[in-house]
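Presented below is the structure to which this report refers.
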Protein chains: 4
Amino acid sequence: MTVRVAVAGASGYAGGELLRLLLAHADVEIGTLTAGGNAGALLGQLQPHLLPLADRVLAETTPEQLAGHDVVFLALPHGHSAELAAQLGADTLVIDCGADHRLVDPADWQRWYGGTHAGSWPYGLPELPGARSTLRGAKRIAVPGCYPTVSSLALVPAVAAGLVEPEVVVVAVSGTSGAGKSLKPNLLGSEVMGSVSAYGVGGAHRHTPEIIQNLTAAAGEPVAVSFTPVLAPMPRGILATCSARLRPGVDAATVRETYLAAYRDEPFVHVLPEGLWPTTGAVLGSNSVQLQVTVDTDTQRVVVVAAEDNLTKGTAGGAVQSMNIALGLPETTGLSTVGVAP
Amino acid sequence: MTVRVAVAGASGYAGGELLRLLLAHADVEIGTLTAGGNAGALLGQLQPHLLPLADRVLAETTPEQLAGHDVVFLALPHGHSAELAAQLGADTLVIDCGADHRLVDPADWQRWYGGTHAGSWPYGLPELPGARSTLRGAKRIAVPGCYPTVSSLALVPAVAAGLVEPEVVVVAVSGTSGAGKSLKPNLLGSEVMGSVSAYGVGGAHRHTPEIIQNLTAAAGEPVAVSFTPVLAPMPRGILATCSARLRPGVDAATVRETYLAAYRDEPFVHVLPEGLWPTTGAVLGSNSVQLQVTVDTDTQRVVVVAAEDNLTKGTAGGAVQSMNIALGLPETTGLSTVGVAP
Amino acid sequence: MTVRVAVAGASGYAGGELLRLLLAHADVEIGTLTAGGNAGALLGQLQPHLLPLADRVLAETTPEQLAGHDVVFLALPHGHSAELAAQLGADTLVIDCGADHRLVDPADWQRWYGGTHAGSWPYGLPELPGARSTLRGAKRIAVPGCYPTVSSLALVPAVAAGLVEPEVVVVAVSGTSGAGKSLKPNLLGSEVMGSVSAYGVGGAHRHTPEIIQNLTAAAGEPVAVSFTPVLAPMPRGILATCSARLRPGVDAATVRETYLAAYRDEPFVHVLPEGLWPTTGAVLGSNSVQLQVTVDTDTQRVVVVAAEDNLTKGTAGGAVQSMNIALGLPETTGLSTVGVAP
Amino acid sequence: MTVRVAVAGASGYAGGELLRLLLAHADVEIGTLTAGGNAGALLGQLQPHLLPLADRVLAETTPEQLAGHDVVFLALPHGHSAELAAQLGADTLVIDCGADHRLVDPADWQRWYGGTHAGSWPYGLPELPGARSTLRGAKRIAVPGCYPTVSSLALVPAVAAGLVEPEVVVVAVSGTSGAGKSLKPNLLGSEVMGSVSAYGVGGAHRHTPEIIQNLTAAAGEPVAVSFTPVLAPMPRGILATCSARLRPGVDAATVRETYLAAYRDEPFVHVLPEGLWPTTGAVLGSNSVQLQVTVDTDTQRVVVVAAEDNLTKGTAGGAVQSMNIALGLPETTGLSTVGVAP
């Protein structure tokens, strides 16, 4: 079976990572590539690492250009997917890497993004409880944000099992590609190298409601999330440090067993052996999440540290994994658990 | 007045930073420089950035070599200061950048470092309530750890004023120089560049009891501290993200006013204007801490983000500041609030 | 056909990269992994990015452990391969990533490395004129050094066609992994981040005779090589800037045509379209060399800039490519031209 | 004596570095700060490292705003200085960090920058032969480019003494701040981190004619310069690797003695002891150039490697040094030879 795939937003970081993975996917034929301001350019000028596609000309991002494919990936700025997706055929599998269809509650959308809510789609985080059954055969998939992916995978086992109080603290250190190819002064190399900074502090980052949505669904009760993203001098990777108070009577062995059981059969989420802690370097370019969990007996807090590549498992890899499930392909096709290190 | 100063451990990062600052200190004459394994070498081979001292030969670290100075800085590995300090004259100002004399409670020392407790000295964090009076005229000073400096400055105003519950979460992202010039595989450039990692998770880092000691003293009640250090790909700088639950009835304006009042007259701690968040790049090489505070109204948590240079305000700058106070010099002599950016 | 492969030196950077590539190689089964000081450890503790091999125990590097494989890769420090290789079966394909068997002239070996010359093996740089025929069916292959690979590919077309005077200048900027996992102070993250340095200046680097050997063979006359390696703050990648004086009567068009013709059919060497210049980021993790060539009409010098990943095309990728040729497999099996960017 | 100083272009990197140095200059009072698009903003929002000036409001860059100062530094994009400077009083010392007044030959200006040549000013590289006498009392000074500063200091002793053939090769690896705060995709942190690239290859960089001008003047005959700039993942610093063929009969000892003699009395240029090679980290934030020279006896080439901080000695520090000379202040006032390392 060969699936014909289009990518909208091929000149950006998410689009580039999708193409990197799709080039290695045995069942995919890469069709039309589109862009906004870069339409008309050769891909080789903008994504020189995608050598086999260097001579491809970027088309305009229009429904007509995207028609005639089995799968269309949308790697567009937030707010640009909904209208376009509505014009794509109902038989086409549309996978949105943007935020437009992630939030279930229209009030959340309006508070965090503003404007009309486009509705929510099956959520492309297969490791969440029950997620695979909604993804199988789906024709519309919303890919999670990069922070919600790693934070949810780090915390869902604990909150789902009721091991911790429903009030979590997440500090997630990210590489700069999460911000996209935006020409902002604070993203210049001179600014980010040699410096670490926080942003969206105090519940101001748009990924907060998505983390709350995932944890609340898993817990069956409202979970409060204190989320702080931190920008570090590296292109890729997120390391999330997550903690919450142990519920009375829960011990460390139960916590560890819960995590081991939760991810024993997952191909892309790995609980490290005791004593090892994750590094983003070890998952760079891979679809893996590596995590470790411990209990701080002094403070009675569970602490989970989890690493992902924000562009791979956090965006494009998660998207391909969800595509595989939706199409009935083996879930790991085209995806690796091997990082590019050092 | 000219003060004659010796530095033990001049070939390490803390020793090098002390010398960088002392070279710019109007009242200091740099005397003997000592080292361990590097004794006999020229400083220029080990610290090529300290050009005016390039021809200095490193002496052995012995009481004899360190005798005859007004001030002796000890920049030695933990556990190496106590015995040496005991052999230095009672009239000499001895400033220990190591951990040996920081912890007040012998049980803390034994749990976290092991062996016999050397006792505690006046604590060189002048911005703590009451600290300056114990430092004036002191002949022995314990310089705080780099993480406790920034974490305490970030949280003391809130806990001292009773604005928050006595249970705080600190995730602090540090450059690699905090680990010293240790030849460990995980500190190699190939390992740290492009990667972020956590270590000492779950209350396992030796700076934890020192943060607890400072916050508990300020609060007047025990404060629980969940502390996670994270290693980021940069040589210098720490960004600490600190949070705690607001106590009922406290509002955001009170929090802000408390911080502004606490640091209004401090030369080296700066609460940024609202809307600006600290970066470690802006304090690189300076003795400043820049911080911002906000209240997350959804989670009712106070979040403080604070940036320091771990080698300057976090070690050598704090040491020089304390020396100035002890000797009755203007506190800011030889210290700058201007960072080296970009 | 499945080839059973052993890797000696599996805990180092070259060994790790070999395993990363071999895990993706359709015709390879990974057999014994050995190490020196790390023998007995789990690979997962030392190479956490190689998740599928995390539970492998490292064996001692002995002929007995390496026996019984179709292919043995030696990723050992220079000088450690020869004796070991002599004890491996003549039917085994032995591929040496070290320097022991690269230099043809015993006098070169003695001058640059010292001790007894082990002899030279077929040289694993398939793009050199005539190289593939010596590699086909070979049982012993010497993998080139990382600098000689990129420098030779950059300059051979010009010197082979007699376009330039036989006196070239190469300044090659490398990431730190080229120095291996050596615990040296100058390789610590704190030292390399934010700093660039030169080393082995003035013809002192051991890769110099290897570059001379390749260029001299291609030119048919002695070529003088002024080679300066520079260390840059990144884990991987080499960018070589190479230049030489144009011979009288040669024009820019001829130069460009020569390069295009030389690499038109090469799967892993790509001359970029005019106006684009290579970056190491675009070839990170790939087996590609991307290069550009121009003529500086003021100085009448040809300037070639070429980028490779020192661990992939510069070491492990070149080794796998050579293995493929030796075994009669398609040359590109298990190797990608797609970089991991950004 | 207190000198009142204005800085035009205070929101850029060169302007910021000027202010960092001027804040530490004993004889300077900082007057008006101006900007282009950032006029009206607080400096603290744009240059948070300049804490003592955080509350300064940026004025428009006009002759009126800049009037009434003893010294005006122009840190503007190339081509913006000439018209403005013409409207500043003849009694004001105007120091142009841009290119407008560097090139002596109008034909050079037209070829490399285009448009009308504004004429040339005394050239602010005091270490060049005869430069100090033209700077003393000068009212107009052109600060050299960052590449020409380090390249000229590396090569002038050799060409001035006729030790080498008049044909030099320079490959200079630079941090990103040399490109300014320009919002270009290739300067984004995600692009530059982990990657090295060449640009302006083949004699296409505008600093080439300036290097030629300096070397030709020193040599007394035309010197051909093959110059390739390389961008490395760090904010600051340039490491220049420079080489040229030894003239017949010149030996290595003569070369070394020539360099030692040339810089023996220079406060800011240091020839390192034999065996040590410069790193940009050791001069970060300082006004020093550290260099080493050797002779490659195989190729009969002199190789000089020199390191500077492009923003300090390469721009703002050189500007302040020239100001000191022009005003009759001690040349080293406000300038340090101590780097900020690691």
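Is there a residue in the range A:301-316 that is within 25 Å of residue B:167 (Cα to Cα) and either more than 10 Å from chain B (Cβ to nearest Cβ) or among the hydroxyl-bearing types (Ser, Thr, Tyr) (or both)? Within the range A:301-316, none of the residues are within 25 Å of residue B:167 (Cα to Cα) and either more than 10 Å from chain B (Cβ to nearest Cβ) or among the hydroxyl-bearing types (Ser, Thr, Tyr) (or both). The set of residues in the range B:240-270 that are of a type in the set (S, T, N, Q) and away from chain A (no Cβ under 14 Å) comprises B:254, B:258. Taking the range D:247-273 as the range and being under 18 Å from residue D:169 (Cβ atoms) and in contact with an Asp or Glu (Cβ under 8 Å, 6 or more places away or on another chain) as the test, only D:247 passes. Within the bounds of the range B:196-211, is there any residue that is within 24 Å of residue D:49 (Cα to Cα) and either at pLDDT 95 or above or of a type in the set (Asp, Glu) (or both)? No, because not a single residue in the range B:196-211 is within 24 Å of residue D:49 (Cα to Cα) and either at pLDDT 95 or above or of a type in the set (Asp, Glu) (or both). Within the range A:1-58, being in a loop (DSSP other than H, G, I, E, B) and β-branched (Val, Ile, Thr) holds for one residue alone: A:2.
Among the residues here, residue B:55 qualifies as within 30 Å of residue D:274 (Cα to Cα) and either among the charged types (D, E, K, R) or loosely packed, with under 15 Cβ neighbours inside 10 Å (or both). Cβ-Cβ distances below 6 Å connect the following pairs, each with a first residue in the range D:323-342 that is within 11 Å of another protein chain (Cβ to nearest Cβ), a second residue that is charged (D, E, K, R) and open to solvent by 30 Å² or more (accessible area, probe 1.4 Å), and a separation of six or more residues or different chains: D:338/B:20; D:342/C:191.
Do you know which of the residues in the range A:318-337 that are out of contact with any Asp or Glu (no Cβ under 9 Å at 6 or more places or on another chain) and open to solvent by 20 Å² or more (accessible area, probe 1.4 Å) is farthest from residue A:290 (Cα to Cα)? Among those residues, the one meeting the criterion is A:328.
Inside the range A:221-257, residues that are under 22 Å from residue C:51 (Cβ atoms) and within 23 Å of the chain's Cα centre (by Cα) make up a count of 9.
Checking the structure you have, find out if any residue of the range D:158-178 is free of Cβ contacts under 8 Å to residues at least 60 places away in the same chain, more than 9 Å from chain C (Cβ to nearest Cβ) and under 24 Å from residue A:184 (Cβ atoms). Within the range D:158-178, one or more residues are free of Cβ contacts under 8 Å to residues at least 60 places away in the same chain, more than 9 Å from chain C (Cβ to nearest Cβ) and under 24 Å from residue A:184 (Cβ atoms). Would you check if residue D:271 is touching a strand residue (DSSP E or B) at 6+ places or on another chain (Cβ under 9 Å) and not assigned by the TED database to the domain that holds residue D:129? When the stated conditions are applied, residue D:271 passes them. Tally time: how many residues in the range D:271-280 are within 8 Å of chain C (Cβ to nearest Cβ) and either among the aromatic types (Phe, Trp, Tyr) or outside any loop (DSSP other than H, G, I, E, B) (or both)? The number of residues fulfilling the criteria is 3. Could you tell me which numbered condition residue A:320 fails, if it satisfies all but one of (1) outside any helix (DSSP H, G or I); (2) in contact (Cβ under 8 Å) with a residue 40 or more places away in the chain; (3) more than 14 Å from chain B (Cβ to nearest Cβ)? Looking at each condition in turn, residue A:320 falls short on (1). Taken as a whole, the condition of being touching a residue at least 24 places away in the same chain (Cβ under 8 Å), charged (D, E, K, R) and out of contact with any Lys or Arg (no Cβ under 9 Å at 6 or more places or on another chain) does not apply to residue B:210.
When residue A:265 is tested against (1) open to solvent by 10 Å² or more (accessible area, probe 1.4 Å); (2) touching a residue at least 24 places away in the same chain (Cβ under 8 Å); (3) assigned to a loop (DSSP other than H, G, I, E, B), exactly one condition is not met: (2).
Number of residues in the range B:288-298 that are more than 21 Å from residue B:262 (Cα to Cα) and in contact with a Lys or Arg (Cβ under 8 Å, 6 or more places away or on another chain): the value is 0. Please tell me if residue D:283 is away from chain C (no Cβ under 11 Å), in contact with a strand residue (DSSP E or B) (Cβ under 6 Å, 6 or more places away or on another chain) and closer than 18 Å to residue D:309 by Cα. No, not satisfied. You will find that of D:228, D:294, D:254, the residue that is open to solvent by 10 Å² or more (accessible area, probe 1.4 Å), touching a residue at least 24 places away in the same chain (Cβ under 8 Å), part of a strand (DSSP E or B) and over 30 Å from residue D:26 (Cα atoms) is D:294 and no other. Residues in the range C:30-52 that are polar (S, T, N, Q) and away from chain A (no Cβ under 12 Å): C:32, C:34, C:38. All of (1) in contact (Cβ under 8 Å) with a residue 40 or more places away in the chain; (2) among the small types (Gly, Ala, Ser); (3) more than 12 Å from chain A (Cβ to nearest Cβ) hold for residue B:131 with one exception: (1). Could you go through the range A:60-67 and let me know if any residue there is more than 14 Å from chain C (Cβ to nearest Cβ) and under 17 Å from the mean Cα position of the chain (by Cα). Scanning the range A:60-67, I find no residue that is more than 14 Å from chain C (Cβ to nearest Cβ) and under 17 Å from the mean Cα position of the chain (by Cα), so the answer is no.
Of the helices (runs of 4 or more DSSP H) entirely within the range B:60-113, those holding at least 1 residues that are more than 30 Å from residue B:216 (Cα to Cα), free of Cβ contacts under 8 Å to residues at least 12 places away in the same chain and open to solvent by 70 Å² or more (accessible area, probe 1.4 Å) occupy B:63-66.
The values are calculated or read from the model by the stated rules, or taken from the named source; none is laboratory data. Small disclaimer: the values here were computed from a predicted structure and weren't measured. Cβ coordinates were reconstructed from backbone atoms using ideal geometry, including for glycine residues, and neighbour counts include every protein chain displayed. The accessibility values were calculated without ligands, DNA or RNA, using every heavy atom of the protein model including side chains. Shrake-Rupley method; radii C 1.70, N 1.55, O 1.52, S 1.80 Å.
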